[in-house]
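Read-outs: derived from the displayed coordinates by stated rules, not from any lab. Keep in mind the model is a prediction, meaning the values are calculated, not measured. Cβ placement follows ideal geometry from the backbone for every residue including glycine, while neighbour counts extend to all protein chains displayed.
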Amino acid sequence: MIQIIYFILAALNSSFFIWYAMVSYSEKEPLATMRSLLLAITSPIPFIAAGYLPQETGLTILIILLTLTIVAAVLFYIPFKRLAVENESSGYRIDERNTMFSRLEITQSPEKTKTYYAENPEHLALDKKWQIKHGLMSSSSSMYEVKAFAAAEASFNVIASLRNSVSPAPLAIKKILNTKDATVFIKNWAKKLGAIDAGVCELKPYHFYSHRGRGKVYGDKVEIHHQYGIAITVEMDKDYLAAGPAAPTLMESAQQYLNSGSIALQLAHFCANMGYSARAHIDGNYEVVCPLVARDAGLGEIGRMGLLMTHSLGPRVRIAVITTDMPLLADDRKHDATVLDFCDICKKCAEVCPGQAIPTDDKKEIHGIRRWQINQEECFSYWCTTGTDCGRCMSVCPYSHPNNRLHNLVRWGIKKSWLFRRMALWMDDFFYGRKPKPIKLKF
Ligand code: SF4
Ligand code: SF4
């Protein structure tokens, strides 16, 4: 009987790692496939060996094993540490003119450049460092690939053609809607259109930039007209991202800016057709800080790399936002402090970042709140060398694994237990490597 129990345990153990190997193979993760196959072969050996021990010794070991399993299960279920939710906003509004894409745009205007650096002299030396490099999407950059760069440019061209349609005129007669029905309809339709998630929040001033930093409206104050923000996320292809920093990452980035932007436009036009004022916030034409709206709409938390860490795909998403005066039901955001606790110990993104732009130390007080802040100049400077987005940080993040049973089991454990978070990080390093290398992608 004891022998049978040992054989069952051996089979269960082996089956788990065979499953892990199959999933890893389908995810094109060679290291994880190899290591889980090795464990599928070796991990049942102690159980099989124990099955051949004298019955009494076998029983004693079985009781010890069961006791250890129960203790481990209990330990993994205990949160250990009550995680405090820190203050997330001091009300500070970001000025879009300080973002890197705005600082890139003003290089085309001597007048704006002069004014900007007169008002922000601390940025001058930092910006000179990336301004002397080849530049984003440059044919002389180190990662230039003619087809991929042309494909990315094609996506950006289409986005540019959409930028003038972000504020559709609302129909004169408002259709009276049940708030809950309208919210459910919008979220479901967003998902039907390709979003992986959608959420709603009541907008606060800090969701909006203080001033515009792009295009003809450069320097304009941002007025707050809308009460509700709908945030949507779309998935970025895992393989195209894992190839980065390389041309496919740029292609994927542009593609998902376009996909998220086009969904946002359709939703904004829907609101207008129902008689409500609405605006889509898409690449190159934002009035809101998308990650903050998405966070407050319950789509995730802001992690070490300063990006939205979503529930099912971590940072491997692009975000777009629609703001509107259509009455909607705001999501009840549940703070998830476990993400920040995991970021505290993980630091994987910071260790692989080729621009050394992600902090490895603790959060710091910035504009009245404690958070991590990446060095955006160093990040952008690296992009200007390669000519592409980099995306290494998103790609290696343990939260970025695909949304499937295996990884969702780990995500569940991470949410539940302090101890499991430590073990999950160790497992992630073991199966995927502490510093995974970019993959070679045929495209
Ligand atoms: S890689 Fe690690 S530290 Fe960086 S954002 Fe992801 S979980 Fe946080
Ligand atoms: S995109 Fe690349 S350079 Fe920028 S923070 Fe992420 S890893 Fe670093």
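Provide 33, 324 in ascending order of the number of other Cβ atoms located within 10 Å of each residue's Cβ, fewest first.
Ordered from fewest to most neighbouring Cβ atoms within 10 Å, 33, 324 come out as 33, 324.
For the ranges 37-44, 50-57, 397-404, 228-235, what's the packing order if you count other beta-carbon atoms within 10 Å of each residue, average per peptide, and put the highest first?
Numbers: 37-44: 15.8, 50-57: 12.8, 397-404: 20.1, 228-235: 27.5.
Order by mean packing, descending: 228-235, 397-404, 37-44, 50-57.
GluC sites (Glu not before Pro), restricted to region 76-130: which are DSSP loop and have at most 12 other Cβ atoms within 10 Å?
Answer by residue number: 86.
Hey, with R₀ at 51 Å, roughly what FRET efficiency would residue 335 and residue 55 work out to, going by the Cβ-Cβ distance, to 0.05?
0.45
Provide 267, 83, 75 in ascending order of the number of other Cβ atoms located within 10 Å of each residue's Cβ, fewest first.
Neighbour counts put them in this order, fewest first: 75, 83, 267.
Could you sort out which of 128/216; 191/221; 191/238; 191/348 sit more than 22 Å apart by Cα distance in this structure?
Result: 128/216; 191/221; 191/348 exceed 22 Å.
Counting other C-beta atoms within 10 Å, which of 144, 116 has the fewest, and how do the rest follow?
144, 116
If you average the alpha carbon positions of region 315-393 and of region 248-303, how far apart do those two centres end up, in angstrom?
Each part reduced to its Cα centre gives a spacing of 17 Å.
Within the chain, which cysteines find no other Cys whose Cβ is under 4.7 angstrom from their own?
201, 271, 290, 343, 346, 353, 379, 384, 390, 397
Could you size up the charge dipole of the chain around its Cα centre, putting +1 on the beta carbon of Lys and Arg and -1 on that of Asp and Glu, and report it in debye to the nearest 20?
On the way: 51 positive and 42 negative charges, 51 e Å.
About 240 debye.
Roughly what would the spin-label model give for residue 140 and residue 122, points 7 Å off Cα along C-beta, in nm?
With each label point 7 Å from Cα toward Cβ, the separation is 3.3 nm.
Placing +1 on the Cβ of each Lys and Arg and -1 on the Cβ of each Asp and Glu in the chain, which of 116, 59, 317 has its Cα farthest towards the positive end of the resulting dipole?
Highest projection toward the positive end goes to 59.
Could you grab the relative contact order for region 292-443? Cα pairs under 8 Å, six or more apart, rounded to a whole percent.
25 percent
Around residue 329, what is the net charge, scoring Lys/Arg as +1 and Asp/Glu as -1 over all other residues with Cβ under 15 Å from its Cβ?
Here the charged neighbours net out to -3.
Taking residue 81 as the anchor, which lysines have their alpha carbon closer than 16 Å to its alpha carbon, excluding any fewer than eight residues away along the same chain?
By straight Cα distance, residue 81 reaches 415, 416.
Give me the three principal axis extents of region 2-77 from the C-alpha atoms, as integers in angstrom, largest value leading.
Taking max minus min along each principal axis of the Cα atoms, region 2-77 gives 45, 31, 15 Å.
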